[in-house]
Structures are given as C-alpha cells and as structure tokens.
Amino acid sequence: MKQWLTLYKKELLEMVRNYKWIWVPLTFILIAVKEPMTLYYMPQIIDSLGGLPEGAVIELPVPSAGEALAASLSQYNTLGVLIIVLITMGVIAGERKSGVAGIILVKPVSYARFVTAKWAGVMLLIWFSYFCGYFLSWYYVGILFEFISFTDFIQSFFVYGIWLTFVLTITIFFNSFLQSPGAVGFITMGITILLSLVSSSLSHLLDWSPALLSVYTNTLIMGNGFPEELMPTILISLFMIILSLFASIAIFRKRELA
Amino acid sequence: MEILEGINWAILAPIVIIQLILMVVAIFDLVRIEKTDGPKWVWALVILFINLLGPIMYFIFGRRSY
C-alpha cells in the first residue's frame with residue numbers, strides 16, 4: 001500500500017509539474033459552459049452575424065433547461081472524450097519510450113501497482129475536471145434557463161462519468177501493449193467512435209452498450225426518470241472497466257518493456 | 001454597438017477570465033520550458049492568436065516530452 005501511494009503521489013506530482021491540474025479543469029469548464037450560453041444568446045448571435053433580409057423573423061424555440069444541459073454533455077461526448085484520450089495516450093507508452101518506466105520497473109515494483117497508480121491518477125484528474133465543468137454548466141443552466149433538480153444532476157453526473165471512465169480505461173488498456181502514444185490515441189478514438197455509432201444505430205439490439213450511457217443520461221436530465229435498461233448498462237460497463245484494467249495489468253506484465 | 005449592451009457581462013466574464021488564465025499559464029510555461037515540439041515562436045503565436053484552442057493545443061501537442 002505504501003509503495004502504491006508513492007507511485008500515486010508521483011503521478012499527481014507529475015501532473016502538477018506539467019500544469020495538467022490547471023489546464024484540464026479549465027478546458028472542461030470552457031467546453032461545458034459554452035454550450036448553454038450559446039443556446040441562450042442564439043438570437044443575438046444570429047442578429048449580429050447579419051445577412052438576413054430586412055424584416056426576416058426567425059422564431060427560435062426556447063430550449064428547455066434539460067436540453068441545454070444535455071448539450072453540454074454532448075460536447076463532452078466529442079471534445080471531452082478527445083481530450084481524455086489525448087492526455088492519457090502517453091501515460092504508459094510515453095514513459096516506456098522515454099525510459100522512465102524502465103527506471104521504475106527495475107526496482108521491485110509490482111506491475112499491478114504501477115498500472116493502477118497511473119489509472120487512479122488520471123481518474124482523479126478527469127473526475128475532478130468533469131465535476132467542475134458539469135457543475136458550473138448546471139449552475140449556468142439554472143441562471144439562464146431554470147434549475148434542474150440537484151438529484152437529477154448528481155445522478156446524471158455519475159452515470160455519464162462511468163462512460164468517461166470506460167474511455168479512460170480503454171486508453172490505459174491499449175497503453176499496456178502499444179509502443180507509440182499516437183497509435184494508442186488513434187485506435188482508442190476509432191473504437192470509441194465505432195462503439196457509439198454501432199450502439200446508437202442498433203440501439204434495440206445493444207441496449208446495454210456502455211456507449212448508450214450518454215443517451216440514458218439525457219433521459220435522466222430531461223426528467224423522464226430512470227430508464228429500465230440503465231441498471232444492466234451500468235453493471236456491464238463497470239464489469240468491462242474492471243476487466244480491461246485486469247487485462248492491461250496481465251498484458252503489461254507479459255510484454256514488460258519489449 | 002448596441003449588441004454589446006444587450007449582453008450581461010456578469011455571465012460572460014468567467015469565460016473571458018478562464019481564457020486569460022489558460023493563455024497566461026501557457027505563455028509562462030513556454031518561456032520556462034527548455035524545448036518544445038516545433039519552434040517556440042510559432043507556439044507563442046498559436047497561444048496568443050488562436051482563440052480558446054491555442055493554449056490547449058500547446059499543452060497537448062507542444063510540450064510533450066516523449
């Protein structure tokens with residue numbers, strides 16, 4: 001446990017040194033908060049861009065508070081996932097390239113501790129950033145539109161967080177055996193996009209797919225209650241997260257620094 | 001500029017401040033860092049002139065150590 005804490009502290013210190021603790025939360029806040037504001041100011045934005053014939057009247061339906069918050073989440077589904085993959089893709093692969101992993105692993109450090117400390121480090125960073133961004137977005141939606149009940153907010157926060165955790169764990173998984181960070185990022189993005197596309201087009205067959213967590217979160221935010229497919233989906237996602245974590249430890253142990 | 005008057009600055013200010021912080025931190029890091037991926041002056045231009053995305057792109061692609 002002591003060894004694990006040392007590795008974990010090393011991860012956190014490294015993220016302080018390369019400013020991840022500053023820019024990742026701020027970026028997540030920007031991504032999330034931008035969306036309700038754009039929706040709110042849409043009429044003014046269209047006005048100022050001009051180009052409309054004189055007297056043209058555009059009636060924009062005022063989005064509901066739920067729609068505005070869901071818009072923030074859809075930003076996380078694209079930009080947020082992209083940022084998570086980009087900052088995680090070098091976590092192990094990069095250290096292996098630069099030789100840091102070799103320096104650490106010649107000491108009697110267990111592979112499981114090495115991998116899980118890294119995973120937990122990024123987890124803390126991402127969940128912290130995600131909470132800041134999502135909470136502020138919820139607050140802005142409350143000011144600009146109307147407040148969504150706090151329980152709905154917290155529930156949707158945790159449900160959607162599982163999807164982000166899933167993406168993160170998959171990235172760590174590919175880190176365990178691919179050499180180049182670029183390849184890790186590319187493959188993880190490909191898999192995430194493919195999974196989202198397949199699950200949303202075949203949603204009647206794959207209603208437990210982790211990629212559908214975002215869809216279920218939207219139902220939650222809109223105040224339509226807990227969809228019955230949600231519980232199995234959460235369980236399957238958690239199971240897959242744990243499975244890929246174990247798999248990455250096993251593969252990493254075998255491949256080592258090859 | 002009547003459009004500017006219609007906007008509530010108390011709502012918009014946090015976004016502007018966050019952008020400024022990102023920009024300042026990125027520039028501060030760029031000055032102190034030994035080597036970047038690509039010429040330093042290009043990154044300075046990117047950080048200063050690409051709105052919103054510039055500092056983020058610098059942190060992800062500019063300062064990678066591998």
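The values are calculated or read from the model by the stated rules, or taken from the named source; none is laboratory data. Bear in mind the structure is a predicted one, so any value in this text is a computation, not a measurement. Neighbour counts are summed over all protein chains in view; Cβ atoms, including those assigned to glycine, are modelled from backbone coordinates with ideal geometry. Just so you know, the surface numbers come from the protein's heavy atoms only, side chains and all, with ligands and any DNA or RNA stripped out. Shrake-Rupley method; radii C 1.70, N 1.55, O 1.52, S 1.80 Å.
The table that follows gives values for the structure above.
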| read-out | value |
| --- | --- |
| Listed pairs A:10/A:107; A:2/A:254; A:118/B:40; A:118/B:35; A:20/A:107 exceeding 21 Å between Cα atoms | A:2/A:254; A:118/B:40; A:118/B:35; A:20/A:107 |
| Whole-percent carbon and sulfur share, accessible surface of segment A:158-238, 1.4 Å | 76 |
| Extension gain (nm, one decimal) between residue A:193 and residue A:226, 0.36 nm per residue minus Cα-Cα | 9.3 nm |
| Using a Förster distance of 22 Å, the FRET efficiency for residue A:78-residue B:34 (Cβ separation, nearest 0.05) | 0.05 |
| Folded to 0 to 90 degrees: helix A:230-255 orientation relative to chain A principal axis, Cα | 30 |
| Distance between modelled label sites at residue A:112 and residue A:254, nm, 7 Å Cα→Cβ extension | 1.8 |
| MRE, 222 nm, helices only [DSSP H, n ≥ 4, -39500 (n - 2.57), over the protein assembly as shown, to nearest 500] | -23500 deg cm²/dmol |
| Between A and B, accessible area buried - total, square angstrom, nearest 100, 1.4 angstrom probe | 2100 |
| GNM result for chain A, Cα springs below 10 Å: residue of A:107, A:118, A:20 fluctuating most strongly | A:107 |
| Rounded FRET efficiency, nearest 0.05, which uses the C-beta distance separating residue A:180 from residue A:158 and R0 of 30 Å | 0.35 |
| C-alpha long axis of helix A:2-17 to longest principal axis of chain A, angle in ° | 50 |
| Within a Gaussian network of chain A (alpha carbon springs, distance under 10 Å), most fluctuating of A:165, A:78, A:88 | A:78 |
| Most mobile listed residue (A:55, A:142, A:133) in chain A, GNM with C-alpha springs under 10 Å | A:55 |
| Kirkwood hydrodynamic radius (C-alpha pairs) into Stokes-Einstein, the protein assembly as shown, 4 °C and 1.567 mPa s, D in µm²/s | 60 |
| Student exercise, the protein assembly as shown dipole from Lys, Arg, Asp, Glu Cβ charges, in Debye to nearest 20 | 2280 |
| Size-normalised alpha-carbon gyration radius of segment B:1-62, reference 2.2 N^0.38 Å | 1.37 |
| Shape of segment A:1-97, Cα gyration tensor, a/c cut at 1.5 | prolate |
| Theoretical gain in end-to-end length, residue A:120 to residue A:21 [0.36 nm per residue, Cα-Cα removed] | 34.2 nm |
| Label-to-label distance, nm, for residues given as residue B:27 and residue A:46 (7 Å Cα→Cβ offset) | 3.8 |
| Inter-label distance, nm, simple model (7 Å from Cα along the C-beta direction), residue A:14/residue A:128 | 1.6 |
